[in-house]
Amino acid sequence: MKHFTPIRILLFSTLFLLGCGTISRGCAKYFGYDEVCVDGVKYIQFTSGASVKYNPDGSIATCR
């Protein structure tokens, strides 16, 4: 049975963290944008970045 060495754990953790946001950027590639909820605030994810989403009255869009 192989043991997990610290290098393997570090490699796995790094690869896992690199995937964060990849799905939203992929959706943005095909649909133009994707909406993401972070700490109760809606963001619009584009392929090259993100922006806060605003309501028609100018207030910040919230979510759960």
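The values are calculated or read from the model by the stated rules, or taken from the named source; none is laboratory data. The structure presented is a predicted model; accordingly, all values stated were derived computationally and were not measured. Neighbour counts are summed over all protein chains in view; Cβ atoms, including those assigned to glycine, are modelled from backbone coordinates with ideal geometry.
Looking across the range 38-64, the residues that are more than 12 Å from Ala28 (Cα to Cα), free of Cβ contacts under 8 Å to residues at least 12 places away in the same chain and assigned to a loop (DSSP other than H, G, I, E, B) come down to Asp39, Asn55, Pro56, Asp57, Gly58, Ser59. Restricted to the range 40-54, and to residues there that are in contact with a Ser or Thr (Cβ under 9 Å, 6 or more places away or on another chain) and at pLDDT 90 or above, the residue that is surrounded by the fewest Cβ atoms within 10 Å (Cβ to Cβ) is Gly40.
The set of residues in the range 28-54 that are more than 20 Å from Arg64 (Cβ to Cβ) and in contact with an Asp or Glu (Cβ under 6 Å, 6 or more places away or on another chain) contains only Ala28. Kindly indicate whether any position in the range 27-35 is at pLDDT below 80 and touching a strand residue (DSSP E or B) at 6+ places or on another chain (Cβ under 6 Å). Within the range 27-35 (the criterion being at pLDDT below 80 and touching a strand residue (DSSP E or B) at 6+ places or on another chain (Cβ under 6 Å)), the answer is yes, since at least one residue qualifies.
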